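Heads up, the thing below is written out as structure tokens.
The values are calculated or read from the model by the stated rules, or taken from the named source; none is laboratory data. Keep in mind that what you see is a predicted model, and the values were worked out from it rather than measured. Neighbour counts are summed over all protein chains in view; Cβ atoms, including those assigned to glycine, are modelled from backbone coordinates with ideal geometry.
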Amino acid sequence: MAQHGENVPAYRTVRVTQQDSPVARLADVDAWRARDAYPEIWFAGGPVFGVGREREEGGWQLHPYFSGTAPQDARDSMGSHFRKRAQEAERSGDRAAHGEWMRAAERMDWEAVDDMAVRGTRFRVIRADPFIRMGADGPEPPRPTDPDPSGSDPGREARDPTAGFVVDPVNGTGMSEGILKVELLRGGRKAGTVPADVHADSLRAVHTHPGGVLLPAAFMTAERVAGRWRPDSTVSAVTPQEARDGLAAQFRVWIPFHNELDEEERAAYEHAADLLEDDRTDELTVLGRHFRIVRVERLVRIGPDGPESPRPSDPDPQPPVMVQNEQLRAQGLLVDEDDESQDPELEAQARELAQILQQEAARRAERQTRRRGRRRGGGRSG
């Protein structure tokens, strides 16, 4: 399916193809059903950022963890990748490659660079807009066909489906995803709902980057407050269970740390965390607060030169690491490691948080041991 006739640039094309695997066909059916149950499409907060490299065969291959909340998050990740490549070159004895990768990494420490070529390969900070579907009962929860591995040990990192994902509109998509892509590409931020510069950049992107690719779904937490759903500010969970684990950590660690809870309140949050971890529930109420695990779509816009980079209006509060280091030193806010003067109140808070984290680590280790024992004995792994 093409948006503007037959002879259009590849980046403006939306290709709908027959889905070969049964899983892909079921996922397309799920997506079509979601259009009826959750017909509205809302922006899910601000953009997210990741890193991609241009491939000789076409498209851009993504690095893991497409979840930066600001462009500098992705720049830091790019610099880290360059350092890793420098270490690999050093181990292999390639001094020239080591020098090139290190020079690129050091440049990232000082400059806000969104596009860089190193040893003949282009790397770019890539921008995506997150969306959620909304229905009469609120935001769309995870779908039955969303990958949601069960039985994994607590604390084990879930595989990131964007790691190695190729952003290329030439790749085919299912009917439901193709229609959604066309709908999202036509729209921008509404005037009056965002600052004027954000609105203007949004409209401009419809023309400068008219094509697009949907990334694998991500997941976040939303809370219903005063009758309105308020999404979490981050879109970082790669599976529904990872989002549940993040909410469980809020219940076990961060809410007790930031609030003075009595024993009954602590027990209520502990029970809610158990439901998230053991029953894998996607919605629950604890002490009058209502939470839901929410499915998130992420659209990368594409233009003649590839995927969209950060826009001028995107919030980017932190400078590169070495610039920030110099600014803090000039303001007298950076304390050397050998400076033993500490705020007693901050020390007490740090000790309290450390104790809570140690207790949580011990609990998770004990739970992991029990789960392994049940698997060896053939019992329910939860």
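Just a few scattered comments:
- From the list PRO161, PRO130, the lone residue that is within 16 Å of the chain's Cα centre (by Cα), closer than 29 Å to VAL8 by Cα and in contact (Cβ under 8 Å) with a residue 60 or more places away in the chain is PRO130.
- For GLY46: the one exception among (1) in a loop (DSSP other than H, G, I, E, B); (2) free of Cβ contacts under 8 Å to residues at least 40 places away in the same chain; (3) small (Gly, Ala, Ser): (2)
- One residue alone among SER313, SER381 is surrounded by 12 or more Cβ atoms within 10 Å (Cβ to Cβ), touching a helix residue (DSSP H, G or I) at 6+ places or on another chain (Cβ under 8 Å), at pLDDT 80 or above and not β-branched (Val, Ile, Thr), and that residue is SER313.
- Residue match in the range 83-102 (condition: crowded, with 20+ Cβ neighbours inside 10 Å and small (Gly, Ala, Ser)): yes
- ALA205, sole failed condition from (1) under 22 Å from the mean Cα position of the chain (by Cα); (2) of a type outside the set (Val, Ile, Thr); (3) modelled with pLDDT under 90: (3)
- Near pairs, Cβ below 9 angstrom, 6+ apart or cross-chain, from the range 90-107 (assigned to a helix (DSSP H, G or I)) to any residue that is among the hydroxyl-bearing types (Ser, Thr, Tyr): HIS98/SER92; ALA105/SER80
- Residue among PRO22, PRO71 that alone is out of contact with any Gly (no Cβ under 9 Å at 6 or more places or on another chain) and exposed (fewer than 14 other Cβ atoms within 10 Å of the Cβ): PRO22
- Total residues in the range 79-133, condition small (Gly, Ala, Ser) and touching a strand residue (DSSP E or B) at 6+ places or on another chain (Cβ under 7 Å): 2
- Here the condition is being surrounded by 15 or more Cβ atoms within 10 Å (Cβ to Cβ), in a loop (DSSP other than H, G, I, E, B) and basic (Lys, Arg); of ARG143, ARG159, ARG127, it holds for ARG143 alone.
- Residue check, ARG301 among the charged types (D, E, K, R), farther than 30 Å from PRO9 by Cβ, assigned to a strand (DSSP E or B) and at pLDDT 95 or above: no
- Number of the condition not met by GLN61 [criteria: (1) loosely packed, with under 15 Cβ neighbours inside 10 Å; (2) at pLDDT 95 or above; (3) among the polar types (S, T, N, Q)]: (1)
- Among the residues of this structure, ALA117 does not count as one that is assigned to a helix (DSSP H, G or I), more than 19 Å from MET220 (Cα to Cα) and at pLDDT 95 or above.
- Selection from the range 185-204 of residues that are touching a Gly at 6+ places or on another chain (Cβ under 7 Å) and buried (at least 18 other Cβ atoms within 10 Å of the Cβ): LEU185, SER202
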